[in-house]
1. Pairs please, first residue from region 99-117 and among the basic types (K, R), second anywhere and part of a strand (DSSP E or B) and surrounded by 11 or more Cβ atoms within 10 Å (Cβ to Cβ), Cβ atoms under 9 Å, 6+ apart in sequence or on different chains.
2. Which ones in region 2-36 are under 12 Å from F56 (Cα atoms) and exposed (fewer than 15 other Cβ atoms within 10 Å of the Cβ)?
3. Counting only residues that are surrounded by 14 or more Cβ atoms within 10 Å (Cβ to Cβ) and within 15 Å of L11 (Cβ to Cβ), which one in region 104-114 is nearest to the chain's Cα centre (by Cα)?
4. Could you list all residues from region 1-22 that are without any contact (Cβ under 8 Å) to a residue 60 or more places away in the chain and either in contact with a Phe, Trp or Tyr (Cβ under 9 Å, 6 or more places away or on another chain) or outside any helix (DSSP H, G or I) (or both)?
5. Residue pairs, Cβ under 9 Å, 6 or more apart or interchain, first in region 84-95 and within 13 Å of I62 (Cβ to Cβ) and without any contact (Cβ under 8 Å) to a residue 40 or more places away in the chain, second among the aromatic types (F, W, Y) and surrounded by 13 or more Cβ atoms within 10 Å (Cβ to Cβ). List them.
Amino acid sequence: MLILIAEDDELILKTIEHKLKKEGHEVIITHNGKEAIETFQNTDVDLIITDIMMPFASGIEILSAVKSSGKNIPVIMLSSMGQEEVVINAFGMGAADFIVKPFSPNELLLRIKRIAVK
């Protein structure tokens, strides 16, 4: 599975990248929302994992761009903001899942596997 990660926190980004590669996934990393949008528009990715609060374009803007592109790419949202309205908004826009930071990399893998079998 080719997974695009959009995360501006280098430690979280490297942790997710390492865990996913160890599990046999191919990974593309981006450090801001604009870069993530350009990447998924030009690459056939299978899944996007994105932080909500990022420079240049938010995770919500990435999700919106995915949905308006017509591509059927599941998006897992990450956020340290566990606010109910943010979660409801993300799911209402079509997010596949929402994980509140800090989270276990193993939990993320389980959620990816759950999405992959749908």
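Any read-out appearing in this document is the output of simple, stated calculations on the displayed coordinates, not a laboratory observation. None of these values were measured; they are calculated from a predicted model. All Cβ positions, glycine included, derive from the backbone under ideal geometry; neighbour counts span all protein chains shown.
1. Listed by first residue and then by second, the contacts come to K101/D51; K101/L78; K101/S79; R111/I76; R111/D97; R111/I99; R114/D97.
2. None - no residue of region 2-36 is under 12 Å from F56 (Cα atoms) and exposed (fewer than 15 other Cβ atoms within 10 Å of the Cβ), so the list stays empty.
3. Let us first name the residues in region 104-114 that are surrounded by 14 or more Cβ atoms within 10 Å (Cβ to Cβ), namely 105, 108-109, 111-112.
Filter once more, so that each one left must be within 15 Å of L11 (Cβ to Cβ): 105, 108.
Numbers: P105: 13, L108: 10 Å.
Ranking the qualifying residues of region 104-114, first place goes to L108.
4. L2, L4, I5, A6, D8, D9
5. From residues that are within 13 Å of I62 (Cβ to Cβ) and without any contact (Cβ under 8 Å) to a residue 40 or more places away in the chain, the pairs are A90/F98.
For (1) touching a strand residue (DSSP E or B) at 6+ places or on another chain (Cβ under 8 Å); (2) part of a loop (DSSP other than H, G, I, E, B); (3) among the acidic types (D, E), each residue gets a yes or a no:
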| site | (1), (2), (3) |
| --- | --- |
| A36 | yes, no, no |
| T50 | yes, no, no |
| I73 | yes, yes, no |
| E107 | yes, no, yes |
